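J.: Take a look at the following structure, please.
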């Protein structure tokens, strides 16, 4: 398919990836109509500040909106959900009963929070994913509150870091004895767990957790195998699931092990190059690692959006960056570059307050994790790239 044959590009999902896809298409000279639809009523926004600046009260929700949203030359339809798709006739059906025909479709519907089995609905249990979730949590906290966080991954750990000191108790729960080891390696995961406890976060790791509500509904009881915790609120952040249900089981698109849409190295999810996927809903083929990778981080969403726009417009060459992620916790910057493969060996380098962990898979250097070592990132990125060639 050539750009001249695309009169309308529909983008489903006004996420970071969806918004950047629209903006990059225009920047690279796409002349056709662009329709961007989003389920939320907010303008497209960034997610990283939600678990940090919004919860700390250091920024407003208006400051997290993506720049240029109002002025961009494309149609932005908010509060609209895609309900199904007719792939053969190239039509998206929506909640406002409008049939959107398209010549190219970009799926950017992101992901939805996973509900832990056995966790009953309660006014004292909330999930953390959207801007509304962050604003609601910020408005509800008080210095006397006891807050539990279920899930000690990137988001759960950031929430704990942001809330400690603002409330009476912060308890971080995770079924793994070393949360975040899959991303950071065992050494840095243990270092981060120790940091949580040092900064006043109570941790309950490696234990099954049961949650019950008191008869009066005034508190929750989180029961570990060794201790129970009384909580005023439980924030759930155990992970997300790619939002693909609206496509239907007969769409013909392939899903990976994580439930994400399998895309090639240009983001295509079909052979014709009509349908694309970007962001948390997508698992792109990586020429570096010779397999599909499902990366749920800011930089990947931005890079994928840019590469889809490059492919559609044929204005620039597609460029494949190494996976990159970062998190700020308790005043420290933690970054990952590349991929930690299953069973990789860790090489730990510590100097002063900085730590760098290299991940080796045989003779290949596949990735690294850095604790307050950002100045080493360019050199490490180059080493990983050369090792993978």
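J.: Select from the range 271-284 the residues that are crowded, with 17+ Cβ neighbours inside 10 Å and either assigned to a strand (DSSP E or B) or without any contact (Cβ under 8 Å) to a residue 40 or more places away in the chain (or both) and list them in ascending order.
T.: 275, 276, 277, 282, 283, 284, listed by residue number.
J.: Within the range 362-380, track down each residue that is farther than 19 Å from residue 189 by Cα and touching a helix residue (DSSP H, G or I) at 6+ places or on another chain (Cβ under 6 Å).
T.: Listed by number, the residues that qualify are 364, 365.
J.: On to the next question. Any residue at all in the range 67-85 that's under 20 Å from the mean Cα position of the chain (by Cα), under 30 Å from residue 163 (Cβ atoms) and either in the same structural domain as residue 250 (by TED's automatic domain parsing) or not in a loop (DSSP other than H, G, I, E, B) (or both)?
T.: Yes: the range 67-85 contains one or more residues that are under 20 Å from the mean Cα position of the chain (by Cα), under 30 Å from residue 163 (Cβ atoms) and either in the same structural domain as residue 250 (by TED's automatic domain parsing) or not in a loop (DSSP other than H, G, I, E, B) (or both).
J.: In the range 285-303, is there at least one residue being crowded, with 16+ Cβ neighbours inside 10 Å, more than 20 Å from the chain's Cα centre (by Cα) and assigned by TED's automatic domain parsing to the domain that holds residue 12?
T.: Start the filter on the range 285-303 by keeping residues that are crowded, with 16+ Cβ neighbours inside 10 Å, which leaves 285-286, 288-289, 292-298, 300-303.
With the extra rule that they be more than 20 Å from the chain's Cα centre (by Cα), the set shrinks to 288-289.
Subsequent filtering for residues that are assigned by TED's automatic domain parsing to the domain that holds residue 12 retains 288-289.
Yes - at least one qualifying residue is present in the range 285-303.
J.: Taking strands (runs of 3 or more DSSP E) that do not extend beyond the range 210-258, which have at least 3 residues that are more than 30 Å from residue 268 (Cα to Cα) and modelled with pLDDT under 80? Full working, then the answer.
T.: Details: elements: 210-213, 220-223, 228-231, 233-236, 240-242.
Strands (runs of 3 or more DSSP E) meeting the threshold: none at all.
J.: Further question on the same structure: Might you let me know whether the range 330-337 holds any residue that is buried (at least 21 other Cβ atoms within 10 Å of the Cβ), closer than 18 Å to residue 12 by Cα and touching a helix residue (DSSP H, G or I) at 6+ places or on another chain (Cβ under 7 Å)?
T.: There is no residue in the range 330-337 that is buried (at least 21 other Cβ atoms within 10 Å of the Cβ), closer than 18 Å to residue 12 by Cα and touching a helix residue (DSSP H, G or I) at 6+ places or on another chain (Cβ under 7 Å).
J.: Any residue at all in the range 162-173 that is at pLDDT 95 or above and in a helix (DSSP H, G or I)?
T.: Checked against the condition, which is being at pLDDT 95 or above and in a helix (DSSP H, G or I), the range 162-173 yields at least one hit.
J.: Tell me yes or no: at least one residue of the range 158-172 is crowded, with 23+ Cβ neighbours inside 10 Å and free of Cβ contacts under 8 Å to residues at least 40 places away in the same chain.
T.: Yes, there is a match, as at least one residue in the range 158-172 is crowded, with 23+ Cβ neighbours inside 10 Å and free of Cβ contacts under 8 Å to residues at least 40 places away in the same chain.
J.: If a residue must be outside any loop (DSSP other than H, G, I, E, B) and surrounded by fewer than 17 Cβ atoms within 10 Å (Cβ to Cβ), how many such residues does the range 361-375 contain?
T.: Count: 3.
J.: From the list 178, 186, 203, which residue is assigned to a strand (DSSP E or B), in contact (Cβ under 8 Å) with a residue 12 or more places away in the chain and within 29 Å of residue 351 (Cβ to Cβ)? First the steps, then the outcome.
T.: On the way: 178 fails: assigned to a strand (DSSP E or B); 186 fails: assigned to a strand (DSSP E or B).
Answer to the selection: 203.
J.: If you go through the range 127-153 one residue at a time, how many are within 23 Å of residue 223 (Cα to Cα), touching a strand residue (DSSP E or B) at 6+ places or on another chain (Cβ under 6 Å) and surrounded by fewer than 23 Cβ atoms within 10 Å (Cβ to Cβ)?
T.: 5
J.: Also, quick follow-up: Would you pick out the residues in the range 316-351 that are over 30 Å from residue 54 (Cβ atoms) and not in a loop (DSSP other than H, G, I, E, B)?
T.: If we filter the range 316-351 for residues that are over 30 Å from residue 54 (Cβ atoms), which is where we start, we get 316-320, 341-351.
Those that are over 30 Å from residue 54 (Cβ atoms) and not in a loop (DSSP other than H, G, I, E, B): 345, 346, 347, 348, 349, 350, 351.
J.: Just need a number here: residues in the range 233-272 that are out of contact with any strand residue (DSSP E or B) (no Cβ under 9 Å at 6 or more places or on another chain) and closer than 30 Å to residue 147 by Cα.
T.: So the count comes out to 0.
J.: Scan the range 164-175 for residues that are more than 30 Å from residue 351 (Cα to Cα) and either over 22 Å from the mean Cα position of the chain (by Cα) or assigned by TED's automatic domain parsing to the domain that holds residue 339 (or both) and jot them down.
T.: 166, 167, 168, 169, 170, 171
The values are calculated or read from the model by the stated rules, or taken from the named source; none is laboratory data. Fair warning: this is a prediction, and the values are worked out from it, not measured in the lab. Neighbour counts run over all protein chains shown; Cβ positions are idealised from the backbone, glycine included.
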